[in-house]
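Chemist: Sharing a structure, written as structure tokens. Questions coming.
The values are calculated or read from the model by the stated rules, or taken from the named source; none is laboratory data. The structure displayed is predicted, hence computed values, not measured ones. Methodologically, a virtual Cβ is constructed for each residue, glycine included, from the backbone with ideal geometry; neighbour enumeration extends over all protein chains shown. What goes into the accessible areas is simple: the full protein's heavy atoms, side chains included, and nothing from ligands, DNA or RNA. Shrake-Rupley method; radii C 1.70, N 1.55, O 1.52, S 1.80 Å.
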Number of protein chains: 2
Amino acid sequence: MFENINSDSLKAMGIKELNGLCEDLRGKIISTVMTNGGHLSSNLGAVELTVALHYVFDFPRDKVIFDVGHQCYAHKLLTGRADKFDTLRKKGGISGFPKREESLYDCYNTGHAGTSISAALGMAKARDIKGEDYNVIAVIGDGSFNNGLVYEAFNSLKPLNSNILVIINDNGMSIAPTVGSMHEYLEILSNDSEEKYHKNRRVGIFERFGFKYEGVYDGNNIGELIPVLQKIKEELKTQSVILHILTKKGKGYAFCEENPEATHGISDGNAIPARIEYSDVLGKKLCELAEKDQRIVAVTAAMTGSLGLSPFFEKFPSRSADVGICEEHATILCAAMAAEGLKPYYAVYSTFLQRSFDEIIIDICSQHLPVTICVDRAGVSGADGETHQGVFDLSFLSPIPDLAIAVPKDAKELENMLDFSVTFNFPLVIRYPRACRRIFKSHSKIELGKWEVLSCGDGKAAIIASGERAITRAYEVSRLLKDKGVTPKIINARFVKPIDKTMLDGMEENVVVTIEDNVCTGGLGSLIASYMSASGKKIKIFGYRDEFIGQGNVEELMDDYGLKASDIAGYILNEIG
Amino acid sequence: MFENINSDSLKAMGIKELNGLCEDLRGKIISTVMTNGGHLSSNLGAVELTVALHYVFDFPRDKVIFDVGHQCYAHKLLTGRADKFDTLRKKGGISGFPKREESLYDCYNTGHAGTSISAALGMAKARDIKGEDYNVIAVIGDGSFNNGLVYEAFNSLKPLNSNILVIINDNGMSIAPTVGSMHEYLEILSNDSEEKYHKNRRVGIFERFGFKYEGVYDGNNIGELIPVLQKIKEELKTQSVILHILTKKGKGYAFCEENPEATHGISDGNAIPARIEYSDVLGKKLCELAEKDQRIVAVTAAMTGSLGLSPFFEKFPSRSADVGICEEHATILCAAMAAEGLKPYYAVYSTFLQRSFDEIIIDICSQHLPVTICVDRAGVSGADGETHQGVFDLSFLSPIPDLAIAVPKDAKELENMLDFSVTFNFPLVIRYPRACRRIFKSHSKIELGKWEVLSCGDGKAAIIASGERAITRAYEVSRLLKDKGVTPKIINARFVKPIDKTMLDGMEENVVVTIEDNVCTGGLGSLIASYMSASGKKIKIFGYRDEFIGQGNVEELMDDYGLKASDIAGYILNEIG
């Protein structure tokens, strides 16, 4: 079994043994992911490639960077982490992404798309500056290959003059099937024989940027991969190379092969089930609104399904756009459509919205355009760890002038906010996590910047909370306080921007705490504290402390990083005295 | 003269008259920019193109988007703004960039590179959704053409299926000469005759993405431009087109033609002169440090000269990288070089740093890599207006874990901070404006998170200020207060992150104000207020209010948007009572 395999012993194997190793790796990946959740089909597709890389190259002396990181499980299993692999994505366990902290064999952390070629170039340039001599390899899927970073890195390959190997792992899929002309070009290359390629096209795109192109090879065939990698290893001494391989996403597991999108990410079976997902509410409501309002269009960067937009895309294909993993372009597209009188909805995960920060400021907000950004997976997102937590959005969005930020307390309030958005003629963000676990009984009318008192309290303490999770914590705190004879007021801060100054000005409680599913710095609490500080009102902010938040389940992470209900209750009791 | 010319009367002119018009426009642009400052050479290069566009197309029905906007002056002069053109870049005057608020002929605001093709696609898609029928044109320079957004937009041209015209205005320059393979490719195309192009290359890069390529034409020759634009106008009915033209940056003004980089941006002759520019201090000091420390490398995204890096690039060419206008790629390149043991310095304007937000979080900080980001043009930047103010950086950087943020009080303190940076093994930002106007007498040792008391005061009030401009305001406030018998303590908040909690805890003054050259929301004051709010200490934050800041000179903008010394002094006096 692979537990005893390492790079050295692997190099002594024959093809048959290597194929057996691949089967073992695949089995371990499937069984682990089925228990712990994780990225299944992309990891299954990259097993042979990983084994071939370990056969031909010398890690960790040579460096391999897995773009996004959804292809790194086999690499982890072959580099001393097999015995701990059942802790995959668990708190304190093996990460689902490459992590320098975890192993010398993980040379660069990834998580967001398109960074691997830039990183490989930086490493190769550092190598050349230091006068050292090793190989640097970026493995990138055709989905990530759409991202503008690829072009930026390609464009500086010649000026930087440092040799790298880029392996395009072409499985025809982002999370959804890959869109765009670069993918179409890859398809053309795939359908050409090597000979035909060289005859028909004197200089191809990749050659223009300074790469030698090697392709197309069967990326699930070890016997085909090893000799071409050996040949490329020689070529790398004098030039940069692109190796284009075709792999089958979900390879070796029939259910995955047939359902690559559905099995891209598998959830942890132990997660508390959602009552409904906010994304589904978005998709359904947006369809309803779009029936009545011809201006409504929807845009996604390669995540139609996960964002709940599939019904919209099916019903209104001409008013839908999936632009591939191009968050910046998606943002500008929305701004421009709004400039021409349409009403665009851009749905995106909180962590990926970080990519569009400049375009939100310049293209949407400085032009005061009525784009609605639906920010999904906001707050801690769980097992994906540091690179996927959506805990910065309130902080980076709130300094932007002209932008309103709404946070629903439940799925019904998301619907109400979407109703509100249609009438609202300015930039708007609505942020929510994945799972909705409760539906409140009452829902007051949404008005810009108006908060809602959910529970009146006895006048001693007030909790201002934003979003379902924070409000749920507020109720937990309230239950803990009840035994001590304290009933706090609970306020639903439905808008983080603008804050409800009227309600704050009228607040009579002496003990006020804020709770948010966001870092403490620069979020809801910070906005309230900044406002109240001019009057000397005491405010205590509860949010995530100033640290990168690792993997774990949502409840664990909320407890561990600053939102433990008993801590909040303890603070309030202590202040009441 | 062109004051009486509009799109209609221009269409009635012959070539000779049009050439005369170009001369007139050129004269007006030169005389205005020489007085008001502005972007000279790129605007001069685009005069014939602009006139030809107005001859062939029907604005504002047809739409033209100028990438970055450094080519829009002639367009402004031809669209009803000639009589106000002497207010260019002045407070309340004509903007140096396209502005929807200013004219119907400006359909989309630009300012940051690479957005025009995405925006054109969004507009064209909106047009098709609405069932309307007009032309959408993006004019983009070869410098912007390096940006990843271009690739993202290209990649979705076929899926979006909406026809646009992209005009590549190829003058071989970004601000500095354009680097990279895409520019090399443009050069190859430029040197081919059209015939040769079609014979040699069955399908070129642009055709792969779905464009018909038309090139190369002389972009300073009206007689050549008009017929090709007329032909393209017909072609646009059925397909998207790229028109590749060659222009001369600075055309028609010998000094500009010979010095295109130096005359890219001309400063307002009335601006208060700097004692020294912070960028020059950076370049000089970095050379000094790099002599002793082989790990030091410097990276820029196409702004070597403006950032003061020219001496470094000349002295250490192999340890320097200009990656073109690719801020994201530059950031990752630095992270990767740091991962391999180097000590990278990435210099960038504050407003363009917004482009790298995600990479600062994921690539630099979540990996705890010792990259130093030197943030130039921080704070209000003046006459360029909304798209160029560097007033958000403290807010978007401070929520990022593991990042330290230093702000020098003068040029000497920048040197000290650079000394500090060499020994500091974590991510670090140093932010400063363009001009240094004073050098303080004393400079205490830089220690992480330690502030400096500049003036002790009489115990009644304290001013916490960050950076030269804010500290200068603090001294002005102090002078105003002196007549009233109040001497405030003045604190140099040299680190915005971490803040100096020891100093804050020991603060005995009852009246405390903060001053920063940044928006109020989420910056220094917000960090202090959030910290102090837990103890109920009253803090008043002075920074820019929550609005986009238009053009004007630095002092005007500071006064107008929230940092008027008399307001701050008035607040303090009122509080002291």
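Chemist: How many Cβ atoms of partner chains, on average, are near each residue of A:55-68 if near means within 10 Å of its Cβ? Present the calculation step by step, with values, prior to reporting the outcome.
Modeler: Numbers: counts 0, 0, 0, 0, 0, 0, 0, 0, 3, 0, 2, 0, 0, 0.
Shielding by partners across A:55-68 averages 0.
Chemist: What pairs from A:445/A:564; A:497/B:125; A:11/A:251; A:11/A:63; B:315/B:412 go past 28 Å between their alpha carbons? Intermediate results must be reported in sequence, preceding the final value.
Modeler: Numbers: A:445/A:564 31 Å; A:497/B:125 31 Å; A:11/A:251 23 Å; A:11/A:63 17 Å; B:315/B:412 22 Å.
Over 28 Å Cα-Cα: A:445/A:564; A:497/B:125.
Chemist: Which of A:68, B:520, B:145 sits closest to the plus end of the dipole of the protein assembly as shown, meaning its Cα is farthest towards the positive end, when Lys and Arg get +1 and Asp and Glu get -1 on the C-beta?
Modeler: It is B:520, whose Cα lies furthest towards the positive end.
Chemist: Can you pull the semi-axes for chain B, root of five times each eigenvalue of the Cα gyration tensor, sorted largest first, whole Å? Intermediate values should be presented prior to the final figure.
Modeler: Values: eigenvalues 421, 146, 86 Å².
Semi-axes from the Cα gyration tensor: 46, 27, 21 Å.
Chemist: To continue, here is another question. Which FRET efficiency value, to the nearest 0.05, do you get for residue B:130 and residue B:19 by plugging their Cβ-Cβ distance into 1/(1 + (r/R0)^6) with R0 = 56 Å?
Modeler: Values: r = 38 Å, r/R0 = 0.68.
FRET efficiency, residue B:130 to residue B:19: 0.90.
Chemist: About its Cα centre, how strong a charge dipole does region B:1-119 have in debye, to the nearest 20, once Lys and Arg get +1 and Asp and Glu get -1 at the Cβ?
Modeler: Its charge dipole is roughly 320 debye.
Chemist: Got the relative contact order for chain A handy, in percent, Cα pairs under 8 Å and 6 or more residues apart?
Modeler: Working: 1209 pairs, mean separation 66.8, N = 577.
It comes to 12 percent, rounded to a whole number.
Chemist: Still on this structure, please answer the following. For region A:406-501, what does the accessible surface come to per residue with a 1.4 Å probe? Please give it in Å².
Modeler: Values: 3600 Å² over 96 residues.
On a per-residue basis, region A:406-501 sits at 38 Å².
Chemist: Using the structure shown, list the pairs from A:343/B:130; B:84/B:231; A:99/A:409; A:237/B:343 with a Cα-Cα distance above 23 Å, or answer none. Don't skip to the answer; put the middle values down first.
Modeler: Values: A:343/B:130 12 Å; B:84/B:231 35 Å; A:99/A:409 35 Å; A:237/B:343 26 Å.
Long pairs (Cα-Cα over 23 Å): B:84/B:231; A:99/A:409; A:237/B:343.
Chemist: Then there's this: Within 10 Å of each Cβ in peptide A:348-361, how many partner chain Cβ atoms are there on average? Round it to a whole number, please. Working shown, then result.
Modeler: Numbers: counts 0, 0, 0, 3, 1, 2, 7, 7, 3, 10, 15, 6, 2, 9.
Shielding by partners across A:348-361 averages 5.
Chemist: Also, I was wondering about something else. Which FRET efficiency value, to the nearest 0.05, do you get for residue A:212 and residue B:207 by plugging their Cβ-Cβ distance into 1/(1 + (r/R0)^6) with R0 = 30 Å? It would help to have the intermediate numbers written out before the result.
Modeler: Working: r = 22 Å, r/R0 = 0.75.
The formula returns an efficiency of 0.85 here.
Chemist: Determine the shielding of peptide A:316-325 by partner chains: average, over its residues, the number of Cβ atoms on other chains within 10 angstrom of each Cβ. Please report the intermediate quantities before stating the final value.
Modeler: On the way: counts 1, 0, 4, 2, 0, 7, 3, 8, 4, 2.
Taking the mean over all residues of the peptide, I get 3.
Chemist: Give the calculated FRET efficiency between residue A:419 and residue A:9 to the nearest 0.05, with a Förster radius of 51 Å applied to their Cβ-Cβ distance. Mind dumping the intermediate values first?
Modeler: Numbers: r = 63 Å, r/R0 = 1.23.
After rounding to 0.05, the efficiency reads 0.20.
Chemist: Right, another one. For chain B, what is the charge dipole size about the Cα centre, in debye to the nearest 20, if Lys and Arg each add +1 at the Cβ and Asp and Glu each add -1 at the Cβ?
Modeler: So the magnitude is around 800 debye.
Chemist: Using the charge dipole of region A:8-161 (Lys, Arg: +1 at Cβ; Asp, Glu: -1 at Cβ; taken about the Cα centre), state which of A:14, A:46, A:111 has its Cα farthest towards the positive end.
Modeler: Positive-most Cα among the choices belongs to A:111.
Chemist: Another question, if that's okay. Round to a whole angstrom and tell me the spacing of the C-alpha centers of region A:395-423 and region A:438-509.
Modeler: 17
Chemist: What accessible area, summed over both chains, is buried at the A-B interface (1.4 Å probe, Å², nearest 100)?
Modeler: Working: alone 22590 and 22580 Å², together 36220 Å².
For chain A against chain B, roughly 8900 Å² becomes buried.
Chemist: Here's something else I'd like to know. If you place +1 on the Cβ of every Lys and Arg, -1 on the Cβ of every Asp and Glu, and leave all else neutral, what size is the dipole of the protein assembly as shown about its Cα centre, to the nearest 20 Debye?
Modeler: Details: 128 positive and 154 negative charges, 318 e Å.
With Lys and Arg at +1 and Asp and Glu at -1, about 1520 debye.
Chemist: Also, I was wondering about something else. Taking every pair of alpha-carbon atoms in the protein assembly as shown, what share in percent sits in each 20 Å bin, from 0 to the bin with the longest distance?
Modeler: Spelled out per bin, shortest first, that is 12, 43, 37, 8, 0.
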